Amino acid sequence: MDPLSDVISLLEPRSYRVGGFEAGGDWSIRFDPFDGIKCYAVTLGACWIAVEGAGEPVLLKQGDCFLLPHGWPFRITSDPALPPDDWRRHFLGSRDGTLVRLNDSGGVTVLGGHFQLAGPQAEMLLSMLPPIVHLRSETDRETLRWAFDRMRQELVDPKPGGFLIVQQLAYMIFVQALRLHLDEGNGVGWLFALSDKHVGAAIAAIHREPARRWTVAALALEVGMSRSGFAARFRQLVGDGPIEYLTRWRMRLAGRSLSRGEPIGAIARSLGYESESAFSTAFKRVMGSTPRRHARLAAVA
């Protein structure tokens, strides 16, 4: 797999809710803080979204897609000046995979999914994203339009197997939205570094062979750069040095293996550690707890 697929798989996202709503006239809804990440698009009309603590409301036009990665409360509305209704008034009790209709509907349609991240290291992906990821270029719209059109068709005209199709479409849209945000190249961190020819290749090499005894010199040779130039560029784009990134990636892999009940010694060897004690020291430094404690907490979660 490629590094983005590696990380998304590590986080084990699952579709928590899919569907959307249609609204007409004047309307305003406030949503509470939430776990996971919301990925939606305006497929008809236009509306506003205001995430608490993220500045001024943002206008969403037809075709715009948005991600809400931090779980902050937010309002979505036809007019930012309107007082909001609590979301429960309209959505509580509605079935998953349906379109909720507000007022007479027909003016605005919003579709998408809410993903719960089962992996314990969600911050690796979410911490580097802004409060609102707003995808609005014509290229972005064209890329996502087919999937959202198909989703609406399945929701409006349900057929056998339709809910599963909608779930898979929502998951595909979520990954594609991350890719489009990555292509914009605005930010520092491994996600944005993937688009750099040399640093992206180094991250891919680390993910491909996490147990290899990588050094800065070996990674630089792998991607065809000088040691000093590679080290400086990696830190500039990722925010950490190559060996720090390697260690953190190993520990996240270890965390998943521990959660699955795999033996500590076997995990240590699979990640290139000659002794369980050396692995345990690195794990506690990066993850903040011992491997045994991590495994115990995962077992009761």
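Identify all residues within region 215-259 that are touching a residue at least 12 places away in the same chain (Cβ under 8 Å), among the small types (Gly, Ala, Ser) and surrounded by fewer than 14 Cβ atoms within 10 Å (Cβ to Cβ); write none if there are none. The answer is Gly224, and nothing else. Taking into account only those residues within region 11-35 that are modelled with pLDDT under 85 and open to solvent by 10 Å² or more (accessible area, probe 1.4 Å), which is farthest from Leu92 (Cα to Cα)? Result: Glu12. Gly200 meets each of the listed conditions (1) under 25 Å from the mean Cα position of the chain (by Cα); (2) of a type in the set (Gly, Ala, Ser); (3) at pLDDT 95 or above apart from (3). In the set (1) touching a helix residue (DSSP H, G or I) at 6+ places or on another chain (Cβ under 7 Å); (2) under 30 Å from Gly200 (Cβ atoms), the condition left unmet by Glu262 is number (1).
Set side by side, the residues Leu59, Leu99, Leu82, Leu68 differ, and just one is hydrophobic (A, V, I, L, M, F, W, C), surrounded by 18 or more Cβ atoms within 10 Å (Cβ to Cβ) and touching a strand residue (DSSP E or B) at 6+ places or on another chain (Cβ under 9 Å), which is Leu68.
All told, Gly106 meets the bar of being open to solvent by 20 Å² or more (accessible area, probe 1.4 Å), among the small types (Gly, Ala, Ser) and touching a residue at least 40 places away in the same chain (Cβ under 8 Å). Restricting the search to helices (runs of 4 or more DSSP H) fully inside region 123-203 and requiring at least 1 residues that are among the polar types (S, T, N, Q) gives 138-156, 162-184.
The values are calculated or read from the model by the stated rules, or taken from the named source; none is laboratory data. Since this is a predicted model, take the numbers as computed values, not measurements. So basically every Cβ, Gly included, is an ideal-geometry build from the backbone, and we count neighbours across all protein chains shown. Note: accessible area is taken over every heavy atom of the protein model, side chains too, but ligands, DNA and RNA are not part of it. Shrake-Rupley method; radii C 1.70, N 1.55, O 1.52, S 1.80 Å.
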